[in-house]
Amino acid sequence: MINEITNDADSRMQKSVDSLVENFKKIRTGRAHPSILDSITVSYYGSDVPIQQVANVSVEDARTLTIIPWEKKVVGDIEKAIMKSDLGLNPSTAGDVIRVPMPPLTEETRKGYIRQARAEAENARVAIRNIRRDANGDIKDLLKEKDISEDDSRRGEDQVQKLTDKYVGEVDSLLAQKEKDLMEI
């Protein structure tokens, strides 16, 4: 029973870390990376679809993304979608190729992105701690029902705490890496 609780807590904590990684992808650094455009959807035959489903997104150089649509008529829609996004990017079109230059980050925008990254990391830590609280509550319920002994209860809580420490450490290392990426010029 305790193994089920710890396995469930482990998978839920991993999902929190995965969610943090996805959120970090949306915070742009000075370098061009195709995942920056993951959150952008394009109107395509009446429905909104991710940009990767209507075009090939690649890195041309360290500061430029190249988007090559599969159909020439969606060039304008892709350009509009990028302009409407809150990423602060200005695409330029040459024929059927869209180039998206990454503007250099100012000190102020870097600090703003770092604040955003720290907030995302704190949200992930809070989610992990909530999962720990839920798991410990389940273990205490088993103890109340006399389904497990006090020793098993303590061991289970120790396992949950080790999982919590592991995933909070992962969040901290991801945040440190993101801050390092943001401070690079």
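Odds and ends about this structure:
- Pairs spanning more than 27 Å between alpha-carbon atoms, out of LYS25/LYS80; LYS26/LYS140; LYS26/LYS162; LYS140/LYS162; LYS80/LYS178; LYS25/LYS84: LYS26/LYS140; LYS26/LYS162; LYS80/LYS178.
- Principal-axis tilt of helix 150-183 within the chain, Cα atoms, nearest 10 degrees: 20 degrees
- When only Cα pairs below 8 angstrom with a gap of at least 6 residues are kept, the stretch 34-101 shows a relative contact order of 28 percent.
- Relative to the longest principal axis of the Cα atoms of the chain, the long axis of helix 75-84 lies at roughly 50 degrees.
- Under 13 Å, Cβ to Cβ, from GLU157 - net charge with Lys/Arg +1 and Asp/Glu -1: -2
- A prolate overall shape is assigned to the chain, the ratio a/c of its alpha-carbon gyration tensor axes (a ≥ b ≥ c) being 1.5 or greater and a/b exceeding b/c.
- Applying a DSSP loop filter and a limit of 11 other Cβ atoms within 10 Å to the GluC sites (Glu not before Pro) in the stretch 87-185 leaves GLU145, GLU184.
- Once the mean of 1/r is taken over each pair of separate Cα atoms and inverted, the stretch 34-101 shows a Kirkwood hydrodynamic radius of 11.7 Å.
- Cleavage-rule hits (chymotrypsin sites (Phe, Trp or Tyr not before Pro)) in the stretch 1-78: DSSP loop, at most 12 neighbouring Cβ within 10 angstrom: TYR45, TRP70
- Loop-located trypsin sites (Lys or Arg not before Pro) across the stretch 102-185 with a Cβ neighbour count of 10 or fewer within 10 Å are LYS146, with loop assigned by DSSP.
- Taking the chain and dividing mean pair separation by its residue count, relative contact order in percent (alpha carbons under 8 Å, at least six apart): 26 percent
- The stretch 23-68 - Kirkwood radius from inverse mean 1/r over Cα pairs (Å): 11.3 Å
Read-outs throughout are calculated quantities, based only on the coordinates presented, and are distinct from any laboratory measurement. Predicted, not measured: the structure shown is a model, and the values here were computed from it. As a convention, Cβ positions derive from the backbone with ideal geometry for all residues, glycine included, and neighbour counts pool all protein chains shown.
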